[in-house]
Structures are given as C-alpha cells and as structure tokens.
Amino acid sequence: SLEDIEKQFKRYYADQLKILLELKKYGDVHLIEDPNFYIFNNSDIFQVMKYNFEIYVKFLDKHCQNAGLKYHSLSRGALVSMLEKTGSSFAMNAAVEADGFHGTHIFYQQQLKILKDVVDLK
C-alpha cells in the first residue's frame, strides 16, 4: 500500500530523501522515473512487482509534490513515441535491452527529448 511504501522510505531511505531536499538550495531538483520494463513480461512472478511499481510511483510523485521537487514520468510517453515511429515489435526491441529489465540508449534518448519539451533545461 502507499502507507507501506511511505514507511519503507522513512525507515530505509530517510538520508536519501534529506539529500534531495538539501539539493533544492542549489536549484530545482528533478526526479525522472526509471522505466518499469518488466510489466511487459507475462510471467506470474512479476505480477506483484507490476502492482508495487505503480504504488511506488504514486508515493514518489506525492512526496515530490509535498517537498517541492519535480517528478517526471516519461516512460510511457517515450514508448508511445517510439511505437508511433517504428511499429510495436521494433519499438520494444529498440527500447528494451536483451535482459528484459533495462532500457536501451535509444529509449533514454527519447525520454530526454520529451523532458526537454516539458522542462526548460538550461
């Protein structure tokens, strides 16, 4: 649940959350969601991970809003853009590394392109 994730972060990641708040002294702090590529894996062992990732994302988004940080979820937009340009099978092969968990350089470049459109990066 959202409350469980919140407790986990307070217990295990309090220092990291403090660092993010301290970084605000130097300018805007942007968190960019790392893609959840295992959602495309049909194995039953990933079902809980799929559900937990959505809760995790909601927690980070809520935390960022409360802390005055910027949270960006660009993964879906990047995938959609790649699908529109290349078609489904090629886009997935171009976006996901062979291990099925990590994004490719091409995918992260697409995310960066979308981020530049959303945020005034100097």
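The values are calculated or read from the model by the stated rules, or taken from the named source; none is laboratory data. Note that the coordinates shown come from a computational prediction; the quantities given were computed from them, not determined experimentally. FYI the Cβ positions are ideal-geometry reconstructions off the backbone, even for glycines, and counts take in every protein chain you see. Surface areas here come from the heavy atoms of the whole protein model, side chains and all, with no ligands, DNA or RNA. Shrake-Rupley method; radii C 1.70, N 1.55, O 1.52, S 1.80 Å.
The C-beta contact set for segment 98-116 (first residue closer than 16 Å to Met82 by Cα, second residue open to solvent by 20 Å² or more (accessible area, probe 1.4 Å), distance under 6 angstrom, 6+ apart or interchain) comprises Thr104/Glu97; Gln110/Ser81; Ile114/Gly77. Which residues, counting only those in segment 1-50, are outside any helix (DSSP H, G or I), β-branched (Val, Ile, Thr) and modelled with pLDDT under 90? Across segment 1-50, the qualifying residue is only Ile32. Output the residues belonging to segment 74-98 that are loosely packed, with under 15 Cβ neighbours inside 10 Å and at pLDDT 80 or above. If the condition is that a residue be loosely packed, with under 15 Cβ neighbours inside 10 Å and at pLDDT 80 or above, then Glu97, Ala98 are the ones that fit.
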